[in-house]
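Following: one structure in structure tokens, then a few remarks.
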Amino acid sequence: MNKYKIVSLLLGFALLATLVRLVYVSQEETAVQAVASKQATVFENILNRKSVRSYTDRAVSREQIDTLLRAAMAAPTGRDMRPWKFVVVDDKETLAALAEQLPHHKMLPEAAVAIVVCGDLSVVDDKGEASRNWTFDCSAATENLLLMAEAMGLGAVWTGIHPYDERVTAVRSALELPEEIIPLNLIPIGYPKGDPQPKDKYNAANVHFNGW
Ligand SMILES: Cc1cc2nc3c(=O)[nH]c(=O)nc-3n(C[C@H](O)[C@H](O)[C@H](O)COP(=O)(O)O)c2cc1C
């Protein structure tokens, strides 16, 4: 082999190695950019969530409700027990009846739908015991649902039912809930009226590193 052939061969290998490296680096950069963009989207959605208590008369479809419920049920639960039930109220008469019986729910007749997140004490473990974590589990589901609503351009608000006995009784009677089903909160949902803004609640004084 003459020296020109050897040089050409070496140059060919160098070119190939550079191309392989370029493809590898650009793939890595794309992956890093994808993570950064996902992080920004999720963080922005979390920061933008706010309680919305006034709604337009635009309808919310059953498909949208299904998406909200899928987000809710993706939440973590203690020992994966999923001790919950979700009661969807999209009947205007029932929404009005709930508003009448509850003290702080004047927004309900305006809402397109309300979802009542309930603990289900009939869900038991292998010792026959109900979950002791049901309030935490249902709260995690609620936050998932609120974040999904924000991402879908919907407005919603967490309104507490349990542990206020009079509210639990009111919801139980309006929705004919059985004894083992405990309404934890009720989430009115609709398209936001006006321009509700999120609050900036970050406070560095609430954070302690490596002990108090
Ligand atoms: C456990 C709990 C109970 C709440 N109950 C009510 C309620 O009964 N009525 C209401 O209008 N908002 C209720 N909220 C919403 C809070 O008032 C609201 O989250 C808080 O003011 C912070 O505002 P933001 O959600 O816009 O960040 C409740 C929130 C939580 C977490």
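Results for (1) modelled with pLDDT of 95 or more; (2) within 18 Å of Arg53 (Cα to Cα); (3) over 23 Å from the mean Cα position of the chain (by Cα); (4) among the small types (Gly, Ala, Ser), shown as yes or no for each residue.
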{"position": "Met81", "(1), (2), (3), (4)": "yes, no, no, no"}
{"position": "Lys85", "(1), (2), (3), (4)": "yes, no, no, no"}
{"position": "Pro103", "(1), (2), (3), (4)": "no, yes, yes, no"}
{"position": "Leu108", "(1), (2), (3), (4)": "yes, yes, no, no"}
{"position": "Ile115", "(1), (2), (3), (4)": "yes, yes, no, no"}
{"position": "Ser122", "(1), (2), (3), (4)": "yes, no, yes, yes"}
{"position": "Ala149", "(1), (2), (3), (4)": "yes, yes, no, yes"}
{"position": "Tyr164", "(1), (2), (3), (4)": "yes, no, yes, no"}
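Within segment 35-48, does at least one residue satisfy the condition of being in the same structural domain as Phe136 (by TED's automatic domain parsing), surrounded by fewer than 17 Cβ atoms within 10 Å (Cβ to Cβ) and over 20 Å from Leu146 (Cβ atoms)? Within segment 35-48 (the criterion being in the same structural domain as Phe136 (by TED's automatic domain parsing), surrounded by fewer than 17 Cβ atoms within 10 Å (Cβ to Cβ) and over 20 Å from Leu146 (Cβ atoms)), the answer is no, since none of the residues qualifies. The number of residues in segment 44-96 that are of a type in the set (D, E, K, R) and in a helix (DSSP H, G or I) comes to 9. Examine segment 28-43 for a residue that is out of contact with any Cys (no Cβ under 6 Å at 6 or more places or on another chain), within 16 Å of the ligand (Cβ to nearest atom), more than 20 Å from Trp158 (Cβ to Cβ) and not in a loop (DSSP other than H, G, I, E, B), and state whether such a residue exists. Taking every residue of segment 28-43 in turn, at least one turns out to be out of contact with any Cys (no Cβ under 6 Å at 6 or more places or on another chain), within 16 Å of the ligand (Cβ to nearest atom), more than 20 Å from Trp158 (Cβ to Cβ) and not in a loop (DSSP other than H, G, I, E, B).
Here is a yes/no grid of residues against (1) within 11 Å of the ligand (Cβ to nearest atom); (2) in contact (Cβ under 8 Å) with a residue 24 or more places away in the chain:
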{"site": "Pro103", "(1), (2)": "yes, yes"}
{"site": "Asp125", "(1), (2)": "no, yes"}
{"site": "Asn133", "(1), (2)": "no, yes"}
{"site": "Leu154", "(1), (2)": "no, yes"}
{"site": "Asp165", "(1), (2)": "no, no"}
{"site": "Ser173", "(1), (2)": "no, yes"}
{"site": "Pro192", "(1), (2)": "no, yes"}
{"site": "His208", "(1), (2)": "no, no"}
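The residue of segment 50-80 that is surrounded by the fewest Cβ atoms within 10 Å (Cβ to Cβ), among those that are more than 13 Å from Ile189 (Cβ to Cβ) and within 16 Å of the ligand (Cβ to nearest atom), is Lys50. Inside segment 127-139, residues that are in a helix (DSSP H, G or I) and buried (at least 18 other Cβ atoms within 10 Å of the Cβ) make up a count of 3. In this structure, is Glu93 at pLDDT 95 or above, assigned by TED's automatic domain parsing to the domain that holds Glu129 and among the charged types (D, E, K, R)? Yes. Would a scan of segment 170-180 turn up a residue that is exposed (fewer than 10 other Cβ atoms within 10 Å of the Cβ), in a loop (DSSP other than H, G, I, E, B), outside the structural domain of Val117 (by TED's automatic domain parsing) and at pLDDT 95 or above? Looking through segment 170-180, none of the residues is exposed (fewer than 10 other Cβ atoms within 10 Å of the Cβ), in a loop (DSSP other than H, G, I, E, B), outside the structural domain of Val117 (by TED's automatic domain parsing) and at pLDDT 95 or above.
Scanning segment 100-118 for residues that are in contact with a strand residue (DSSP E or B) (Cβ under 9 Å, 6 or more places away or on another chain) and assigned to a helix (DSSP H, G or I) turns up Leu108, Glu110.
The values are calculated or read from the model by the stated rules, or taken from the named source; none is laboratory data. Keep in mind the model is a prediction, meaning the values are calculated, not measured. Backbone-built Cβ (ideal geometry, glycine too); neighbour counts: all protein chains shown.
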